[in-house]
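Just below is one structure, and these are the notes that go with it.
Bear in mind that the values in this text are calculations on the coordinates, not laboratory data. Small disclaimer: the values here were computed from a predicted structure and weren't measured. Note that each Cβ is placed from the backbone with ideal geometry, even for glycine, and that neighbours are counted across all protein chains shown.
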Amino acid sequence: MASDKGPLAADATLRRRIQPWEFEAFFDPRELRKEACLLYEIKWGMSHNIWRYSGKNTTKHVEINFIEKFTSERHLRPSISCSIVWFLSWSPCWECSKAIREFLSQHPNVTLVIYVARLFQHMDRLNRQGLRDLINSGVTIQIMRTSEYDHCWRNFVNYPPGKEAHWPRYPLLWMKLYALELHCIILSLPPCLMISRRCQNQLTFFRLTLQNCHYQMIPPHILLATGLVQLPVTWR
Ligand SMILES: [Zn+2]
């Protein structure tokens, strides 16, 4: 039975898979580790083949490493559409957002979907604008949900035998908080999510500060999904 085994030894992606501890350390939405990890999938045209790789930041950010690797490998075929999906531990900073837009403008056959585990320095005005610019240029950006954690575990992680379905379950609250903040960014609203870390016990804390503009502009189901927000009652 497949579920009794880890990834098959014959699996060509095995050597490119990351270790379970790496996945958990990089993609836990409560972790604020400095390094970033990128898991990515590339699909050409109507082909069913999906090429999967992983990368970590070096002296350069993972996004820049990807762009340099992709363009240097010279397997670009401008006449064939190319779908790229990124699973990023941190959302792109403003400089990477700019580089991604330049990359996409030079390669109009490429579409990019980005799933992020966390929003990188999301209070920074430039980073917020960078993400908005990316979305406005056609890039899809979403916060990783349980289905993406499940997908990454099965396809990018060298999980132990019998642990195929044992992807890490993180509190849904964190995914919903980041999804809420991403909505604020998209709608050009001020930040409502503050995140801090207490060094002595390594715990990550959040604070939600909602203003009238948030209540007015953010779809109620996004606010209510956090389970932390009560909408003002209107008496008729
Ligand atoms: Zn960057």
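Key figures
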{"item": "Rel. contact order, % - alpha carbon contacts under 8 angstrom, at least six apart, the chain", "result": "20 percent"}
{"item": "Non-local Lys pairs in the range 21-142, i.e. 8 or more apart or on different chains, that have alpha carbons under 20 Å apart", "result": "8"}
{"item": "For the range 97-236, share of DSSP beta bridges that run antiparallel, in % to the nearest 5", "result": "60 percent"}
{"item": "DSSP-defined beta bridges in the range 40-164 - what % are antiparallel, rounded to 5", "result": "40 percent"}
{"item": "Alpha-carbon Rg with Dmax, taken over the range 14-88, Å", "result": "13.8, 42"}
{"item": "Point-charge dipole on Cβ atoms (K/R +1, D/E -1) for the range 123-221, about Cα centre, debye to 20", "result": "260 debye"}
{"item": "Whether the range 151-214 is rounded, prolate or oblate, judged on the alpha carbon gyration tensor where a/c under 1.5 counts as rounded", "result": "oblate"}
{"item": "Residue (of Gly45, Asn136, Leu203) at the positive-pole extreme of the chain, dipole from beta-carbon charges", "result": "Leu203"}
{"item": "Dipole magnitude (debye, nearest 20) for the chain, charges at Cβ of Lys, Arg, Asp, Glu", "result": "200 debye"}
{"item": "Helix-only CD estimate at 222 nm, as mean residue ellipticity for the chain, using -39500 (n - 2.57) per DSSP H run (n ≥ 4)", "result": "-10500 deg cm²/dmol"}
{"item": "Binned Cα-Cα distance frequencies in the chain - 5 Å width, integer %", "result": "1, 6, 13, 16, 17, 16, 12, 9, 5, 2, 1, 0, 0, 0"}
{"item": "Restricting the range 124-187 to trypsin sites (Lys or Arg not before Pro) in coil, as DSSP defines it, with at most 12 other Cβ within 10 Å", "result": "Arg169"}
{"item": "Simple spin-label estimate for Ser72 and Ser137 in nanometres, 7 Å along Cα-Cβ", "result": "2.1 nm"}
{"item": "Rounded to 5, the percent of DSSP beta bridges in the chain classed as antiparallel", "result": "60 percent"}
